[in-house]
Each structure stands twice: as structure tokens, then as C-alpha cells.
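This report refers to the structure that appears directly beneath it.
Throughout, read-outs are computed from the coordinates displayed, never taken from laboratory work. For clarity, every value in this text was computed on a predicted model and none was experimentally measured. Here Cβ is always computed from backbone atoms with ideal geometry, including for glycine, and neighbour counts include all displayed protein chains.
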Protein chains: 2
Amino acid sequence: MAERKTYHHGTLRQALVDGAKEILAERGHDQFSLNEVARRAGVSTAAPYRHFRNRDELLSAVAEEGYVTLAEKLENASGLARLGGAYVRFAHDNPGLFVTMFRSRPEGAESAAGRAAFEMLLRATAAAQDSGEIATHATPEITARSLWVTLHGLAVLHLQQPHDRYGLGEEPEQLATTTLSALLGLKSD
Amino acid sequence: MAERKTYHHGTLRQALVDGAKEILAERGHDQFSLNEVARRAGVSTAAPYRHFRNRDELLSAVAEEGYVTLAEKLENASGLARLGGAYVRFAHDNPGLFVTMFRSRPEGAESAAGRAAFEMLLRATAAAQDSGEIATHATPEITARSLWVTLHGLAVLHLQQPHDRYGLGEEPEQLATTTLSALLGLKSD
DNA sequence: ACCTGAACACCGTTCAAGT
DNA sequence: ACCTGAACACCGTTCAAGT
């Protein structure tokens, strides 16, 4: 807990992560540049390499924070339909961050927050099965995983084709409700 | 239909498309380089710009051929489970091409082959509804779209996490069957 | 310990010039 | 009409050198 002093910057590492998030929000994942992150932080292009092994490792740190935020959003949603809506909403509101989260290769250990997000979906699935809201022979794990897969596909395709082409709706919440309803016969509320 | 002679190359345009496919298969979408395509074709890095406006337009041409191949694969599959298996199998066997297909922004007009692929899923969905194999209140269009979304999510997540983490299986066909069964109660055959 | 300055190989793209 | 050669701005990454 000793007070640390850094040469030019207080906490360059976090400044880089924050700057990366800014660029992702402004320009998207495809236009992300490590050199630009350094420029925004006011340091040389070599400076980030004191804190991250390479560009991908910085993006992994960004992704990890993204998973934490996503898990928070999901916590505030109850029920399968709202959970699904929150997932697609997150992707819709943070496209660059969302794409980054699912591009960064989780080497070995998996994100704890990412795991926590899945656990929420798992609990909601088990509850919906217990209450008879959804009827499936599959285990809660397999069912929840299948739902995750569906929500992820919905988010990904929505980011590429934001306009409504198949009557699923335009708004993230509507997309999730319509899709889950079509597959599971889930009630909208 | 006049015989055309090109300076150094017979049909550079197709050579570039083919070379791009090779690189995508060898190195994947992230490592794709337009300059390397030119190098492989034995032309200068400026030559591709006689045939494509830019890098993205070449990748769009590649994507279009990918949709044609995908539609062919789907044609040889009958029933929802086999269609789904063929979709995930295609992504599994051609990851670089698959990613390219869903990154290239369809400006205005949509791929005819991509539309044809969806039509096949739509017909299989309607048939499954008619036979009572699947029971859902939703229209065939919305149901088919929801299934497409699911298969796409399955393919995307499988490419990132090829190992079996949730008991859905390892093989593309198994993944599709397990997932569709969990959501729809679809019979494996 | 942390950052700079300068370099390297590479990228996408442009444009005058060659045939 | 089609391609080359050379240039431009930019990228990710490395490394000796500064403080």
C-alpha cells in the first residue's frame, strides 16, 4: 500500500485502459490503435509496453472490465426475457467493447466476471424450468448454454444489421423477447 | 465474350480472390493482408486497385463466394438438425472465410446466396412446424430467424472456444443437435 | 523503475510513369 | 487498359539511452 510515484504519469496503466475504451467507443474495434492510445495518454508509443506485453494484452484488460460491467447490468435484470434484453442492450450500447470482449482469447483462466454472468443466466433458466415457464428435457446447464448461444448470436447479428429484417423488432429488449418467445414459447412478462 | 488478354496475368481478379481465400484459410481473418495477396499473385501492391476499390471490396468478393459455397452445403442437408449441423460445420471447416462473410458489410443489396441459405432454413422450419415436430406460436419467418440467430451464435462461440465446456459436444453436428434439442425439444433423428 | 527517441518491418493507399 | 515503382502516413514492436 506504499504511495507510488510514477515518472510522468500517476497511473499510466489505468489511463491506457480508459483511453482504449474511449477509442473503442468512438471508432469501434476495427479502428483501434495502440499508438493512438499512447498519444492520448501523452506518452511515447513504447510506454505501453512497460504495462502490457502487447496490444492484445491491453485489449484483454479492457475486455475484463467489460465483463464486470456486463455482469452488473445482468444483475439488475430478473427473468429470462429481461436478462436476454440486458445482454443485447449491452452489446447495442457498447459495440466496440462488446466485440473486444469476444475477440480477446481467454488464455487458460477464464474471466471470473464472465463466469458470473453465465451463472446468472443459469439460475434464471433453472427457475424458469422449475416454475414450468419453459419445458425442456435438457439439463439447466445445457439449456442455459443454448440460451447464451442464442443471445450472443442475436447481439452479434444485431450489431451488423441494426435494422429489422425479419420482424424480430428493432430495440434490443424487443429482439430478445421475440426470439426467446419464438424458441421457447416464453411469455413476454 | 471477346477473348481478353491481360498484360501479365490472365485473370488477375480471380487470382486475387483465390489468393485471398488461401491466406484466410492459412492465417485467418485477423492476419489477412492485401499486400500479401498481391505478392502471391506476383504483382505489385498497387495492382489490386485496378480490380477492387480497396481491401474491403476484395474481401466482399471473397465473402460472396463463401455464401455460394455455404448455400451449396446447406442444400445437401435436409431437416433442421442437419441444416444446423451443416452451418456450424461450414464455420468449423472455414473459420477465416466464415468470419470474413460476417464482417463484410453488405452495402445496400444483400447477397443472393445468403438469402437463398436463409430460404432453406425457412422451408425446413415451416415443414417442421407443419409436421408438429416443433411447436411454437411464432410465424415461420420469426421462428426461422430465431433459429438462424442460434446457429450463428453457436458457430461464432465454437470458433472462439472449440473445446466443450457445457456438455453441448465437440463436433459441429453434435453441437447443433444438442442446442436445437434443448431449445425446441427437437428430435435428434 | 519507468519512459523517450529512434529505428524496423509491415500495412493500406495513391499516383505518375511505363507498355 | 493494366500494371510498376516509388512514395506517403500509419501501424505494432524493439531497444539503447536517459532520468
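Calculated from DSSP H runs of 4 or more alone, at -39500 (n - 2.57) each and per residue, what is the 222 nm mean residue ellipticity of the protein assembly as shown, nearest 500? My calculation for the protein assembly as shown gives -20500 deg cm²/dmol from helical runs alone. Which residues does a label at residue A:174 reach in the range B:133-155, if reach means a backbone N under 14 Å from a point 7 Å past the Cα toward the Cβ? Flagged as within label range: none. Taking one quarter of the surface of the convex hull spanned by the alpha-carbon atoms of the protein assembly as shown gives a direction-averaged projected area of 22.5 nm².
In chain A, a dipole from Cβ-located charges (positive for Lys and Arg, negative for Asp and Glu) runs towards its positive end, and of A:41, A:178, A:20 it is A:41 whose Cα lies farthest in that direction.
Shielding of peptide A:134-147 by partners, expressed as the average count of other chain Cβ atoms within 10 Å per residue Cβ, is 5.
Would you mind getting me the FRET efficiency between residue A:73 and residue B:11? Use the beta-carbon distance for r and R0 = 51 Å, nearest 0.05. Using R0 = 51 Å, I get an efficiency of 0.50.
Projecting 7 Å from Cα along the Cα-to-Cβ direction, the label point of residue A:50 sits 5.1 nm from its equivalents in the other copies, listed shortest first.
Each label point was placed 7 Å from the Cα along the Cα-to-Cβ direction; for residue A:51 and residue B:26 their separation is 3.8 nm. When you filter the GluC sites (Glu not before Pro) in the range B:41-126 for DSSP loop state and at most 16 other Cβ atoms inside 10 Å of their Cβ, you are left with B:107, B:110.
What the Cβ-Cβ distance of residue B:39 and residue B:161 gives, at R0 = 51 Å and to the nearest 0.05, is a FRET efficiency of 0.95. The mean number of Cβ atoms from other chains found within 10 Å of a Cβ in peptide B:176-183 is 6, as a whole number. Scaled against 2.2 N^0.38 Å for its residue count N, the alpha carbon radius of gyration of the range A:55-184 is 1.05. Membrane-span-like helices in chain B (whole DSSP H runs, Cα extent of at least 15 Å along the helix axis, mean Kyte-Doolittle hydropathy of at least 0.0): B:80-93, B:112-130, B:140-160, B:172-184. Each copy carries a label point for residue B:170 at 7 Å from Cα toward Cβ; from one copy, the others' points are 4.7 nm away, ordered from shortest. Mean sequence separation of contacting Cα pairs (under 8 Å, at least six apart), scaled by the length of chain A, corresponds to a relative contact order of 22 percent.
Look at the stretch B:16-23: the mean tally of other chain Cβ atoms within 10 Å of its residues' Cβ atoms is 0. Nearest chain B C-beta to the B/A rotation axis, reported as residue and distance in angstrom, is B:153, 1.
Only the Cβ atoms of Lys and Arg (+1) and of Asp and Glu (-1) were treated as charged; on that basis the dipole of the range A:55-184 about its Cα centre amounts to roughly 240 debye.
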